[in-house]
1. So, in the range 79-111, of the ones that are of a type in the set (Asp, Glu) and at pLDDT 90 or above, which residue ends up farthest from residue 404 (Cα to Cα)?
2. Just checking, how many residues over the range 229-280 are charged (D, E, K, R) and touching a Pro at 6+ places or on another chain (Cβ under 8 Å)?
3. Looking only at the range 359-379, count how many residues are of a type in the set (Gly, Ala, Ser) and touching an Asp or Glu at 6+ places or on another chain (Cβ under 9 Å).
4. Looking at this structure, is residue 283 touching a residue at least 12 places away in the same chain (Cβ under 8 Å) and in a helix (DSSP H, G or I)?
5. Among (1) in a helix (DSSP H, G or I); (2) more than 16 Å from the ligand (Cβ to nearest atom); (3) in contact (Cβ under 8 Å) with a residue 12 or more places away in the chain, where does residue 264 come up short?
6. Pick out the one residue from 396, 347, 329 that is in contact with an Asp or Glu (Cβ under 6 Å, 6 or more places away or on another chain), of a type in the set (Phe, Trp, Tyr) and surrounded by 15 or more Cβ atoms within 10 Å (Cβ to Cβ).
7. Given the conditions (1) assigned to a loop (DSSP other than H, G, I, E, B); (2) more than 16 Å from the ligand (Cβ to nearest atom); (3) over 15 Å from the mean Cα position of the chain (by Cα); (4) farther than 19 Å from residue 256 by Cβ, and given that residue 324 satisfies all but one, which numbered condition is not satisfied?
8. Looking at the range 376-390, which of the residues that are surrounded by 18 or more Cβ atoms within 10 Å (Cβ to Cβ) and under 30 Å from residue 293 (Cα atoms) is modelled with the highest pLDDT?
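The values are calculated or read from the model by the stated rules, or taken from the named source; none is laboratory data. Computed from a prediction, not measured in an experiment: that's the story for all the values here. For neighbour counting, all protein chains shown are included, and Cβ atoms are generated from backbone atoms with ideal geometry for every residue, glycine included.
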Amino acid sequence: MTDQAVPAADLYTDEFAVDPYPAFAKMRTDSPVCPVTSPRFDSFLITRFDDAKAALTDPRLSKDLYGPGQHFLRIFGPNSEGLNKNMLNSDPPEHSRLRQITSRAFAPRRLEALRPRVAQIVAELVDRIVPRGEADLMRDFAIPLPMMVIGELLGIPTRDRERVLDWTQVIRESGSSGRPPAVEKAAVQEAQAWLHGYLTDLVTAKRAEPGDDMVSMLIAACDEEGVLSERELVSTTFLLLFAGHQTTADFMGNAMVALLTNPDQLDLLRKTPELLPHAIEELLRFDGPLPVASPRIATEDLEYQGVRIPEGSIVGVVINSANHDPEHFEDPDRLDLRRDRGPHLGFGHGVHYCLGVSLARMEAQLGIGALLRRLPGLRLAKPAEELRRLPAASPFRGLIELPVRF
Ligand code: HEM
């Protein structure tokens, strides 16, 4: 790490957790490629839109985090490999093989067929909220909705979904309990071990008794063509489970706060519901759930913005900073649901572009649409700055609570 490295303590403050965008603006101006040192790992953060887009397709930045250097083994421990060595953490040609077979589960026809069921899950959740006049939109809506949808897609039995959700929440909320880091780390490892055991059993059960679900479909493809190993089946299922609900839940929470703190835009959306698909993209640009893309490794010495990134360094592409770059988005800190200034990086870019993008859009449109339609007078029950959030250094940007009244 170079001499100018910014200690994470200076960057990841409480104010940063509430509103990281002023810090990102400063980094884009003063230090657009910024070395950061933190207890988790040291990295170089890339903060401008053009650099971010270039880095996401730069073949010199590898996603093979269990390959040479074994970065993830060192950071997350030996037990992490069974769950995390999946397409997101691999390079072509291995990545292409894993992605190609998994994409079949996301065929547009298959997803469209799911729409009525997603609408039904949304309606059931909102039905439970309506008579109460108040709710925690994270606990009562944003977290259970994507979990129920991905649980159904993967064929996780209904009776197990709550337990699976509880263990995934241990990973999502790690660092926010106030417990010592060693205790938090042990809790995450326990959650990973439980999920690994559960998903391994799920794959075995689906092999014995296949259903009309994604896991059974992956097993069939694997048995016919021998394209996925048993370990890859489990780690792919974990990726779909985690990526499938975590980001969507955090996105819906962030989007609702953005709307409730921008009443003119909320009003516009209520009066013009057909704007919703467009609005979802602006909400994702405005405050996305994955502030930094998953880590990449420099396979050779690189230079971005005149800063040398030595071979072996971890590189973080700061999606939420790139999406606020004034070179690309006029008045970027303003929520403008009618904005039309080219694509954002909220779903990534390049070969790792989000595989679940259509599902995420469907859930967000049906979910947010129903909340706005069915909860008139919706408002925050406490000021946005006081909402409990995931810690500033979390890889995710999201809320722990979203109390509302209506
Ligand atoms: C990858 C964002 C929902 C499955 C990604 C990436 C981003 C992203 C930024 C690229 C990460 C990188 O390059 O490091 C989001 C957001 C979502 C969302 C903002 C919700 C609003 C979903 C859903 C699924 C999903 C619902 C479905 C199960 C995946 C998978 C990958 C991925 C499998 C890895 C693709 C690959 O490595 O080729 N997502 N995602 N995501 N996402 Fe999503």
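1. 94
2. So the count comes out to 1.
3. Looking only at that region, the number is 0.
4. Spelling it out, residue 283 is indeed touching a residue at least 12 places away in the same chain (Cβ under 8 Å) and in a helix (DSSP H, G or I).
5. Condition (3) is where residue 264 drops out.
6. Going through 396, 347, 329 in turn, just one is in contact with an Asp or Glu (Cβ under 6 Å, 6 or more places away or on another chain), of a type in the set (Phe, Trp, Tyr) and surrounded by 15 or more Cβ atoms within 10 Å (Cβ to Cβ): 396.
7. That leaves (2) as the condition not met.
8. Result: 387.
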